[in-house]
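S.K.: Mind having a look at this structure? Questions to follow.
The values are calculated or read from the model by the stated rules, or taken from the named source; none is laboratory data. Since the structure is predicted, the reported quantities are computational estimates derived from the model, not experimental observations. Heads up, the Cβs are rebuilt from the backbone with ideal geometry, glycines too, and the neighbour counts pull from every protein chain shown.
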Amino acid sequence: MKVYTICNALFVRVQKEEPKYFLLDSGGRSFSPEFSRITSDDIGAEVDFSLSLNSSWLVDLRLASRFFGIPIVGFLGREFFDLFENILLHGRGREVRFNVSSFDATSSIPFGAMASFKEGGEQRRIAIDTGSFACMNFSHQNYHGPRSAEFIMPSVGRDLHINYAMMGLEIDGHFYGEVFTGLPKNFGDPGLHILGASFLEKYECLWDKENKKLFLKESTKPQIFPTNPTHSFRIQVEMVDHQIVVSHVLNGCPLDVKKGDIITLPGIDMEDPEIMNTVYERLVFKTDGNPVRMAINGKEGEYTPVSFFE
């Protein structure tokens, strides 16, 4: 089944004339204020299923839609994942498959495995969350390395104030290298770590309910969205009525902008469902320090980003 990959999160499109999307979220509930039930025919899945949906949850879909740049009508959460023996998630391949009979994994992570971040934090059990933009370290009080400016991100029940850092990740004694990791500031400590999309995007991932493991094989496809930013304009943006709008101005922003200003980027297709990958890569999560040409409230210019990390 084809999926869309936006900021390394996976979305399925409802098979209707008007585009509408569900986020695949293994860490949350299945819900939709618009659909009381979702079936295989609705999303073009190759296996038959039918799932009743809650009408609401602690997520503001309007904020999520603006962040990802597409009309999101619900989440397919834990109840959806539990319908199948296994689910193969391949973000770089823009593909999801169900009840896979064979998979040539190179490693595996048990559900509830123990993980730690090398640069700071306790060893804790992990929760695998396909709906989380980044990995999450909730015990980062002793981390004193480079971190980003403070972002304000849509989350469950509230806006999440969060810094980001590159942190070495070890799971059950195996070192997986540095991963893009969030350091939440105003979220209650759940006593675990989150294994999010910034880690999962590197692999073909087989979510195996029966064996209670996530089987991994490194993807051979090119990366869609960067997980190792070095530069930024230190702003946050959202998509509103097919316009790129400044939603937050972060500490150290080199631009003369304010919340609500409109940014125009040349050479992009505003009808592309995955357009926010390009928008964020040029403005927020850049992998180089090259200048970017843009228009701010109609005034064109070339602007140079600053370091992503403070």
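S.K.: Given the conditions (1) assigned to a loop (DSSP other than H, G, I, E, B); (2) surrounded by 23 or more Cβ atoms within 10 Å (Cβ to Cβ), report the number of the one that Ser198 does not fulfil.
M.R.: Here Ser198 clears every test but (1).
S.K.: Here's something else I'd like to know. Looking at (1) within 21 Å of Leu10 (Cβ to Cβ); (2) part of a strand (DSSP E or B), which is the one condition that is false for Thr130?
M.R.: (2) is the only condition that Thr130 fails.
S.K.: Say we look at the stretch 229-261 and pick out the residues that are within 13 Å of Val284 (Cα to Cα), in a loop (DSSP other than H, G, I, E, B) and hydrophobic (A, V, I, L, M, F, W, C); which of these is farthest from the chain's Cα centre (by Cα)?
M.R.: Leu255
S.K.: Is it true that Ser139 is of a type in the set (Ser, Thr, Tyr), surrounded by 21 or more Cβ atoms within 10 Å (Cβ to Cβ) and in contact with a Gly (Cβ under 6 Å, 6 or more places away or on another chain)?
M.R.: No; evaluated as a whole, the condition is false for this residue.
For (1) farther than 25 Å from Phe225 by Cβ; (2) touching a residue at least 60 places away in the same chain (Cβ under 8 Å); (3) crowded, with 20+ Cβ neighbours inside 10 Å, each residue gets a yes or a no:
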site	(1), (2), (3)
Gly91	no, yes, yes
Phe103	no, yes, no
Gly131	no, yes, yes
Ser148	no, yes, yes
Glu170	no, no, no
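S.K.: State yes or no: is Pro273 in contact with a strand residue (DSSP E or B) (Cβ under 8 Å, 6 or more places away or on another chain), over 27 Å from Val12 (Cβ atoms) and either part of a loop (DSSP other than H, G, I, E, B) or without any contact (Cβ under 8 Å) to a residue 60 or more places away in the chain (or both)?
M.R.: It is false that Pro273 is in contact with a strand residue (DSSP E or B) (Cβ under 8 Å, 6 or more places away or on another chain), over 27 Å from Val12 (Cβ atoms) and either part of a loop (DSSP other than H, G, I, E, B) or without any contact (Cβ under 8 Å) to a residue 60 or more places away in the chain (or both).
S.K.: Being touching a strand residue (DSSP E or B) at 6+ places or on another chain (Cβ under 9 Å), closer than 21 Å to Ile38 by Cα and assigned by TED's automatic domain parsing to the domain that holds Asp172 narrows it down to one residue among Gly131, Gly74; which is it?
M.R.: Gly131
S.K.: Among what's in the stretch 137-153 and is modelled with pLDDT of 95 or more and of a type outside the set (Phe, Trp, Tyr), pick the residue that is farthest from the chain's Cα centre (by Cα).
M.R.: Pro146
S.K.: In addition: Would you check which residues across the stretch 20-66 are surrounded by 15 or more Cβ atoms within 10 Å (Cβ to Cβ), at pLDDT 95 or above and part of a strand (DSSP E or B) and list them?
M.R.: Result: Tyr21, Phe22, Leu23, Leu24, Phe31, Ile38, Leu51.
S.K.: Determine whether Pro226 is surrounded by 15 or more Cβ atoms within 10 Å (Cβ to Cβ), not in a strand (DSSP E or B) and not polar (S, T, N, Q).
M.R.: Yes; evaluated as a whole, the condition is true for this residue.
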